[in-house]
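Visitor: Please find one structure pasted underneath; my questions will follow.
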Amino acid sequence: MKNRKIVRTPVAIALLSLAALVLRPGVAPASEINQAESTKLAPGWELPGLDGDTLRSANFKGKVVVLDFWATWCPPCRAEIPDFIALQKKYAAQGLAVVGVSVDSSSLKTVKAFAQEMGINYPVLLADDKTVAAFGGIEVLPTTFIIDRTGRIVKQHLGYTAPTVVEDEIKKLLGP
């Protein structure tokens, strides 16, 4: 994106993200503030992937979606990625789709190299201002939305969230 309004104050977001990592669940109980519940219909989106192809929210119709807004420079984001890789591997056959949305202002090449280095096994898309605004603005990284099979946001997590918390939520949505 040329005019990056998403990350107006990178230092503030970095500090909030670092605080979220330090105070992450697993060390301390998950905060209810970190787990806002909702039943709002998720906004539709259309974003370019690292391979140049465009993906749309409609591509994931009928799936449980973990939609994660993150950045390569964000320590808590980096900490969550291996957990999302494991969840994608474990539950993809049951209808889970993890989707990463990079809000990086760095180049496509940088994000692509990072995704390869981390071994990300799910789609990584490049955020735009319209999509970020549709999801209420992204002020904390990572920000993760759990979306049910009907397209409703059932949880929103701000900052690092323990993998067991996310796994418990998606297992309920995936069903038996």
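Here, each number is a calculation from the coordinates, and none is a lab measurement. Quantities reported herein were computed from a predicted structural model and do not represent experimental measurements. All Cβ positions, glycine included, derive from the backbone under ideal geometry; neighbour counts span all protein chains shown.
Visitor: What does the C-alpha gyration tensor say about the overall shape of the range 60-154? Classify as rounded when a/c is under 1.5, otherwise prolate if a/b is larger than b/c, or oblate.
Guide: Working: a/c = 1.84, a/b = 1.18, b/c = 1.56.
In terms of gyration-tensor shape, oblate.
Visitor: Where does the charge balance sit around residue 120 when Lys and Arg score +1, Asp and Glu -1, over other residues with C-beta under 14 Å from its C-beta? All intermediate terms of the calculation are to be shown ahead of the outcome.
Guide: Numbers: positive: 78, 89, 112; negative: 51, 68, 80, 83, 104, 117.
Its environment carries a net charge of -3.
Visitor: Next question. Return the lysines within reach of residue 172: Cα separation strictly under 16 angstrom, same-chain partners fewer than 8 residues apart disregarded; answer none if there are no such residues.
Guide: The qualifying lysines are 63, 90, 155.
Visitor: Identify all lysines with a Cα-Cα distance to residue 130 below 20 Å; exclude those on the same chain that are fewer than 8 residues away in sequence.
Guide: Correct list for residue 130: 2, 5, 40.
Visitor: Using the Cβ atoms and a cut-off under 11 Å, what net charge is assigned to the surroundings of residue 81, where Lys and Arg are +1 and Asp and Glu are -1?
Guide: On the way: positive: 78; negative: 68, 80, 83, 117.
In short, -3.
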